[in-house]
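*Asks:* Below is a structure I'd like to ask you about.
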Amino acid sequence: MPRVTIMIPTQRRPDGLAVAARSVFGQTGVDCAELELVIVDNDQVPSAKPVADMLAKAAPFPVIYVHEKRPGVAFARNAGMARASGELIAFLDDDEEAPDGWLAALLAAQVRYDADVVFGPVRTRAPDHIVAHRDYLERFFSREGPAEAGVLDHYYGCGDSLIRRAALPDPVSPFAIERNHIGGEDDMLFGHMRVAGARFAWEPAAWVWEEPVPSRMNLRYTIARAFAYGQGPTSHCAAAIPRDNLGVARWMVIGLGQAAVFGAVAGFKWLVRAKDRAEWLDRAARGLGKTFWWGPFKIQFYGRTA
């Protein structure tokens with residue numbers, strides 16, 4: 001078994017961090033002698049250190065605490081990468097909880113498919129008090145994929161993934177700092193890796209629970225986030241070297257059409273109070289994001305300015 005670093009970036013979520021870390025401690029079918037946990041505290045003050053110290057006392061393998069005071073998700077991930085010693089890096093978010101076979105499933109898929117990145121499903125549990133748009137909100141924060149394991153021709157986000165360090169364009173600071181506050185640093189990284197010929201795989205057995213913070217379980221957050229997700233394809237074309245101007249124009253036109261069509265459907269669905277009205281509003285927002293993707297329209301989700 002190769003050396004594996006499990007990384008949990010966190011920011012002022014002590015309870016979620018404790019749940020995520022303890023789920024990591026309970027992994028089965030792996031050699032604990034080849035594991036380490038890196039906790040990256042992305043708060044200006046070391047607020048997660050007491051929890052990290054408490055967790056380290058009960059851990060079956062080393063727990064490394066990293067304090068990255070510069071606000072931003074890319075800063076946090078890169079700070080963890082700089083301290084990680086693993087040949088493979090497994091990412092878990094601080095609002096996720098891994099079943100005991102999670103890591104073994106990721107590792108087995110990585111070997112089976114000789115994968116540079118392996119992704120697993122994310123299953124969201126909404127709090128009991130969430131009633132309005134509950135199905136949509138649970139789907140929004142979940143990650144669904146093929147029913148069978150196999151090689152992928154696309155990629156997902158960083159949470160619940162296993163990355164081969166040698167396949168990264170930069171093994172120490174692979175995440176783009178220009179995405180610090182808006183997110184999508186993982187999409188940009190995986191997009192560059194795909195162009196370079198990286199192999200992605202999917203393992204449905206490597207699933208995790210996710211319980212988003214309550215302040216995010218509403219349409220105000222998810223529709224803004226959908227808009228930001230929509231910006232991804234156009235932004236990736238703009239960031240390509242050389243810049244893909246034809247791709248930028250193509251995605252902007254596609255987005256405008258999607259916003260018009262899906263927006264009209266969403267308006268009708270809202271008038272008749274259809275159950276799936278939030279899904280259509282989400283689609284319209286993603287289309288609009290493809291068209292309005294540059295500076296003034298970027299929404300900050302991370303860091304002190306979020």
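*Asks:* Condition check: more than 27 Å from His129 (Cα to Cα), free of Cβ contacts under 8 Å to residues at least 12 places away in the same chain and open to solvent by 50 Å² or more (accessible area, probe 1.4 Å). Does Ile241 satisfy that?
*Replies:* When the stated conditions are applied, Ile241 passes them.
*Asks:* Of Arg250, Arg283, which residue is charged (D, E, K, R), modelled with pLDDT of 95 or more and over 13 Å from Ala224 (Cα atoms)? Step through it out loud before you land on a result.
*Replies:* Numbers: Arg283 fails: over 13 Å from Ala224 (Cα atoms).
Within the list Arg250, Arg283, the selection yields Arg250.
*Asks:* Examine region 216-238 for a residue that is more than 23 Å from the chain's Cα centre (by Cα) and among the aliphatic types (A, V, I, L, M), and state whether such a residue exists.
*Replies:* Within region 216-238, not a single residue is more than 23 Å from the chain's Cα centre (by Cα) and among the aliphatic types (A, V, I, L, M).
*Asks:* Would you list the strands (runs of 3 or more DSSP E) that sit entirely within region 149-220 and hold 1 or more residues that are under 25 Å from Gly101 (Cβ atoms) and of a type in the set (Phe, Trp, Tyr)?
*Replies:* 200-202, 208-210
*Asks:* List the pairs whose first member sits in region 135-156 and is closer than 15 Å to Asp116 by Cα, whose second member is modelled with pLDDT of 95 or more and open to solvent by 40 Å² or more (accessible area, probe 1.4 Å), and whose Cβ atoms are under 6 Å apart, counting only residues at least 6 apart or on separate chains?
*Replies:* That search, which allows pairs on different chains as well, returns Val151/Tyr113.
*Asks:* Find all pairs meeting these conditions: Cβ atoms under 7 angstrom apart; at least six residues apart or on different chains; first residue within region 67-87 and under 10 Å from Gln11 (Cα atoms); second residue of a type in the set (Asp, Glu) and assigned to a helix (DSSP H, G or I).
*Replies:* Close Cβ pairs satisfying both conditions: Val73/Glu185.
*Asks:* How do the pairs read when you match residues in region 295-306 that are farther than 21 Å from Ala239 by Cα and modelled with pLDDT under 80 with residues anywhere that are of a type in the set (Ser, Thr, Tyr) and not in a loop (DSSP other than H, G, I, E, B), using Cβ under 6 Å and keeping only pairs 6 or more apart or on different chains?
*Replies:* none
The values are calculated or read from the model by the stated rules, or taken from the named source; none is laboratory data. Since this is a predicted model, take the numbers as computed values, not measurements. Note: ideal-geometry Cβ built from the backbone for every residue, glycine included; neighbour counts use all protein chains shown. These accessible areas exclude ligands, DNA and RNA; they are computed on the full protein's heavy atoms, side chains included. Shrake-Rupley method; radii C 1.70, N 1.55, O 1.52, S 1.80 Å.
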